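In what follows, a structure is listed as structure tokens, so that the remarks can point back to it.
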Amino acid sequence: MADRFEVIMGDITKCNTDAIVNAANNSLLGGGGVDGAIHKAAGIELLYECKKLNGCETGQAKITKGYKLPAKWVIHTVGPIWKDGNHDEDKLLAECYRNSLALAVKNNIRTIAFPSISTGAYRFPVERAARIAVNEIKRFLETDISIEKVFMVCFDINTFEAYKKAETEQ
Ligand code: AR6
């Protein structure tokens, strides 16, 4: 199982996995951070497809094509905005990972890359988010046999260290 999950540093728009996950917002119409980078790299056709999806609830996930991205698919999920930890933030973040992976399985996706959902503009504390993400991904891989590889793609060293720590602790 350990070889099916890997924490790396990098730019998710460059990943040539079957799918990459986007940390989107409820509108699915683009934004800053990883969302902005994915839309920029995929091209305007991604926005056209997203417009047809009627947004997405927090914790849920929707799929589009990847257009100009190396990845064939983009799974858009909406992380919770951090308030104080008492507004279902943990549960909703866990749902993002579970629902994205379930959607990947449904679409015969074998390799998938996640960004650190909610820990940028949405201000979820990164160590807490990393523990939840690693736990959900590992638990999913324990019961699923179709996904070959899950990458956690960290954009900065602080995020990378938090996920590495969570990985070794669990
Ligand atoms: N590759 C991998 N990770 C990245 C990249 C990249 N190219 N660019 C940024 N990150 P954020 P959120 C990291 O803010 O907190 C958007 O405006 C970033 O360093 O992108 O879920 C949406 O439209 C951080 O570690 O997502 C929403 O409105 C992580 O991705 C809102 O931001 C997540 O940061 C979502 O906020």
Practice item. Identify all residues within region 142-170 that are among the polar types (S, T, N, Q) and open to solvent by 90 Å² or more (accessible area, probe 1.4 Å); write none if there are none. Key: THR143, ASN158, THR168
Point to revise | Residue identified as part of a loop (DSSP other than H, G, I, E, B), more than 15 Å from the chain's Cα centre (by Cα) and among the aromatic types (Phe, Trp, Tyr) among TYR48, TYR67 | key: TYR67
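Just checking, which of ASN22, ASN54 is at pLDDT 95 or above and open to solvent by 10 Å² or more (accessible area, probe 1.4 Å)? Reasoning before the result, please.
Details: ASN22 fails: open to solvent by 10 Å² or more (accessible area, probe 1.4 Å).
Checking each option against the conditions leaves just ASN54.
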Point to revise | Identity of the residue in region 112-141, aromatic (Phe, Trp, Tyr) and part of a loop (DSSP other than H, G, I, E, B), that ends up surrounded by the fewest Cβ atoms within 10 Å (Cβ to Cβ) | key: TYR122
Point to revise | Residue count, region 79-111 (criterion: outside any loop (DSSP other than H, G, I, E, B), touching a helix residue (DSSP H, G or I) at 6+ places or on another chain (Cβ under 8 Å) and under 18 Å from VAL126 (Cβ atoms)) | key: 4
Study note, to complete from the structure: Exception for LYS72 within (1) over 12 Å from ILE20 (Cα atoms); (2) more than 13 Å from the ligand (Cβ to nearest atom); (3) surrounded by fewer than 17 Cβ atoms within 10 Å (Cβ to Cβ); (4) free of Cβ contacts under 8 Å to residues at least 60 places away in the same chain falls at (1)
Check your understanding: Out of (1) within 14 Å of the ligand (Cβ to nearest atom); (2) touching a residue at least 60 places away in the same chain (Cβ under 8 Å), the odd one out for SER27 is which?
Key -> (2)
Exercise for review: List every residue pair whose Cβ atoms sit under 9 Å apart, with the two residues 6 or more apart in sequence or on different chains, where the first one lies in region 133-162 and is over 16 Å from PHE114 (Cα atoms) and the second, anywhere, is away from the ligand (no atom under 16 Å from the Cβ) and open to solvent by 10 Å² or more (accessible area, probe 1.4 Å).
Suggested key: GLU142/MET1; ASP144/ALA102; ASP144/VAL105; SER146/VAL105; SER146/ASN108; SER146/ARG110
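The values are calculated or read from the model by the stated rules, or taken from the named source; none is laboratory data. Just so we're clear, the structure is a prediction, and the values are computed from it rather than from any experiment. Here Cβ is always computed from backbone atoms with ideal geometry, including for glycine, and neighbour counts include all displayed protein chains. Each accessible area value is taken on the protein alone, full model and side chains, heavy atoms only, with ligands, DNA and RNA left out. Shrake-Rupley method; radii C 1.70, N 1.55, O 1.52, S 1.80 Å.
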